[in-house]
1. What net charge is computed for the residues neighbouring C48, neighbours being all others with C-beta under 12 Å from the C-beta of C48, Lys and Arg scored +1, Asp and Glu -1?
2. How far apart, in nm, are the 7 Å Cα→Cβ label points at W67 and C115?
3. Give the lysines reachable from K38 as a straight Cα distance under 30 Å; neighbours fewer than 8 places away on the same chain don't count.
4. Suppose the chain between E161 and W54 were pulled fully straight at 0.36 nm per residue; how much longer would it get relative to their current alpha carbon spacing?
5. Test of understanding: what is the full-extension gain from M123 to E40, defined as 0.36 nm times their sequence separation minus their Cα-Cα distance?
6. Mind giving me the nanometre distance, one decimal, between the label points for T141 and E169, set 7 Å out from Cα along Cα→Cβ?
7. Figure the gain on full extension for T33 and A185 (residue separation times 0.36 nm, minus the Cα-Cα span) and round it to one decimal in nm.
8. For K100, list the lysines whose Cα falls under 23 Å from its own Cα; do not include residues on the same chain fewer than 8 positions away.
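FYI, it's all coordinate maths here, none of it is from the lab. All values derive from a computational prediction rather than experimental measurement. Cβ: placed from backbone, ideal geometry, glycine included. Neighbour counts: every protein chain shown.
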Amino acid sequence: MAGIPMPANGAGDKLLPHELMAERGTHPMETRTCPYCKQEIALDSRKCPHCREWVNRRYAAKRALVWVVPLMVIWLGFMVFGDRIMFREQKYWKHPDAIKITSHTAGQNEEDGRCVIGTMKNMSETPWDMITIQVDYYDATGRLVDTSTDCSSDTLPAGQERSFKVAFESKRRGVEYDHYRVFIAGADDASRF
């Protein structure tokens, strides 16, 4: 082969590019060592040709931004619009008349224990679960003196009726309970799963 020098050692070993350039009498290019594989690479290399790692930090940071920015936009969009896109669930606070308390009566448990039992009916087309029933107790002047809540994990299908009981032990000795108010404080859309 004319023009290409053969290795000087005669063993058929290949010369490295900078050794080949030195034999030809041309100036070898400026090199540096790859921090990952410790091989010689060109000084202006962005990526090591041996191990394929990025060695130019500024260029690697710019390449990372190409992926980071779109991923952050997608994440932000999911945080803002995710429940609307994926779940399409109903919010109970937007439908406060979806569940009605159809009947209720107050009673007293053992020592100073209070309870309210009754029935509730789902008036909507949406099944609800995790229904929170709250009872507020008032004295004769109309002042709120106690409250109690109970959360039912059972699903209340559309149009169905179910009984409930909210019981608690009164910690307030000597307080006269004159009247109470019972209402649905919240619920979760059971069709969201």
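1. My count for the surroundings of C48 gives +3.
2. Roughly 6.0 nm, to one decimal.
3. In chain and number order, the partners are K14, K47, K62.
4. Between E161 and W54, full extension yields an extra 32.0 nm.
5. Here the segment from M123 to E40 would lengthen by 22.2 nm.
6. Computed distance between label sites T141 and E169 equals 2.9 nm.
7. Extending this stretch completely gives an extra 47.9 nm.
8. K91, K121, K165
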